[in-house]
1. How many nm is it between the label spots at GLN146 and ASP37, if each spot is 7 Å from the Cα in line with the beta carbon?
2. Among 54-65, 9-20, 152-163, how do they line up from the highest to the lowest mean number of other beta-carbon atoms within 10 Å?
3. Which of the peptides 86-97, 185-196 is most tightly packed, and how do the rest follow, judged by the mean count of other Cβ atoms within 10 Å per residue?
4. Going from the alpha-carbon gyration tensor of the chain, what semi-axes, largest first and in whole Å, does one get by taking the root of 5 times each eigenvalue?
5. In nanometres, what is the gap between the two model label sites at LEU156 and THR127, each 7 Å from Cα along Cα-to-Cβ?
6. Give the peptides 99-106, 172-179 in descending order of average Cβ contacts within 10 Å, highest first.
7. At what distance in nm do the modelled label points of ARG118 and ALA180 sit from each other, each positioned 7 Å from its Cα along Cα→Cβ?
8. Quick one: if the Förster radius is 30 Å, what FRET efficiency do GLU80 and GLU191 give, using the C-beta to C-beta distance and rounding to 0.05?
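Quick note: the coordinates plus some simple rules give every number you see, no bench work behind them. As the structure is a prediction and not an experimental result, all values here were calculated from the model. As a convention, Cβ positions derive from the backbone with ideal geometry for all residues, glycine included, and neighbour counts pool all protein chains shown.
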Amino acid sequence: MVYTLWGEPDSGSFMVEAALAEAGQDVHLIDIDLTKDEQHTAQYLAINPLGKIPALRFNDGTTIVQSAAILLALSEEHPEARLMPAQDAPDRRHALRWLIHVAAEIYPLIELYDYPLRFAPPETHETAMRSRVRQRIRERWQFVEQAASAEGSFLLSGFSAIDLAIAAISNWAIGNEWRARECPKLTRIAETVAQRPAIAPIWRRHFGEQEN
């Protein structure tokens, strides 16, 4: 089985590419250069009308968008990779709650931080708006920090797709120094993800060398 993944480095497509690597699956990568607005070409809009990455095509021709939905679909397709706890696992609901928290409560705010004038009138003070959004993002990460285990993975039971989401999304907007100081458990999760054998080369391609 060969999957097709549309994305670009330093984006949410890292989570999907890393999940596929953990599952031992081959993937055909198609880079969508956001700086050239390639996500809004007619060709890509036919894949995802929202004009966002990532998008993943399965071997049966089905294409899924939305990072959390893709991760959950892959966890069902490849249960041996243990991307999510099994249906009857005691921490299954806990895992679902926090994966969706990161995907729904934090991830969308990254776009607001990066492109505030997409959401506000031109007279908006861009720097002030970014500052307020960053504060909100940090507050929401602190909830995740409180819920995370101290074992280098979010779940006490070990690695999961939640770790991929935490590692990628906490790289953006909040500042790594703040994360290290205020969210040491999340920092350790990111470091652990970056060092996993199947993921390490993918991490370097997306984010560069992991700082110690």
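1. Between GLN146 and ASP37, the label points sit 4.3 nm apart.
2. Working: 54-65: 15.7, 9-20: 24.0, 152-163: 21.2.
The most tightly packed comes first, giving 9-20, 152-163, 54-65.
3. Put in order of decreasing packing, that is 185-196, 86-97.
4. On the way: eigenvalues 127, 113, 48 Å².
They are 25, 24, 15 Å, listed largest first.
5. Taking the two extended label points, one gets 4.7 nm.
6. Details: 99-106: 19.0, 172-179: 15.6.
Ranked by mean Cβ neighbours within 10 Å, highest first: 99-106, 172-179.
7. Modelled inter-label distance: 3.0 nm.
8. On the way: r = 25 Å, r/R0 = 0.84.
Here the calculated transfer efficiency is 0.75.
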